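Input: a single structure, listed below in structure tokens.
Here, each number is a calculation from the coordinates, and none is a lab measurement. Keep in mind that this is a model prediction, so the values were computed, not measured. Every residue, glycine as well, gets a Cβ built from its backbone with ideal geometry; the counts of neighbours run over all protein chains shown.
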Amino acid sequence: MDIIFLGGLEIDTVIGIYDWERKVKQRIVLDIEMGGIDIRKAAETDNIVYALDYKAVSDRIVSFVEQSDFFLVESLIDKIADILLREFAIPWVKIKLNKKGAVSKAQDVGIIIERGKRL
């Protein structure tokens, strides 16, 4: 299975359950793997028409996250997966959402999900 990835995508958004979190934007970091996309036709033709436009994916996710205001990272990451599966017809995604600084003694904290079907 071919996998296309976006790593270290940093986005500022309103996320969290505490009053102070509702008033300031916090940075999240996304690592996204998108699989089930056969890149051979794009490689053979060297034509973007046959490739997943990862800039378009990035732009869409950044725009969505910047405008969102979820309480839970679980809700945010689930909606991101839904956008990728539906709007870009990606068969399988794995997303890691890191909400750095959410726990004072931990360097990283977050969630990893997989959605769709590995081909």
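Here are the numbers for the structure shown:
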item: 0 to 90° range, to nearest 10: angle between helix 54-67 axis and the chain longest Cα axis; result: 20 degrees
item: Within the range 67-91: backbone nitrogen closer than 19 Å to the ALA106 label point (7 Å, Cα to C-beta); result: 70-78
item: Check: the chain dipole with +1 on Lys, Arg Cβ and -1 on Asp, Glu Cβ, in debye; result: 260 debye
item: Helix 73-87 vs. the chain, principal-axis angle (Cα, 0 to 90°, nearest 10); result: 20 degrees
item: Sequence-distant residues sharing a close amide H with ASP53 (under 5 Å, placed H); result: none
item: For the chain, share of DSSP beta bridges that run antiparallel, in % to the nearest 5; result: 90 percent
item: All Cα pairs of the chain, percent lying beyond 22 Å; result: 36 percent
item: Phi to ³J(HN,Hα) by Karplus 6.51 cos²θ - 1.76 cosθ + 1.60 over the range 92-98, Hz, x for Gly, Pro; result: 9, 9, 10, 10, 10, 10, 10
item: GNM top mover of GLU74, GLU66, GLU87 - the chain, alpha-carbon springs below 10 Å; result: GLU87
item: Residue-averaged [θ]222 nm for the chain, counting only DSSP H segments that reach four residues, each worth -39500 (n - 2.57); result: -9000 deg cm²/dmol
item: The range 25-43 and the range 57-79: distance between their alpha carbon centers, rounded to Å; result: 15 Å
item: Dipole of the chain [Lys/Arg +1, Asp/Glu -1 at C-beta], most positive-end residue of VAL65, GLY101, PHE5; result: GLY101
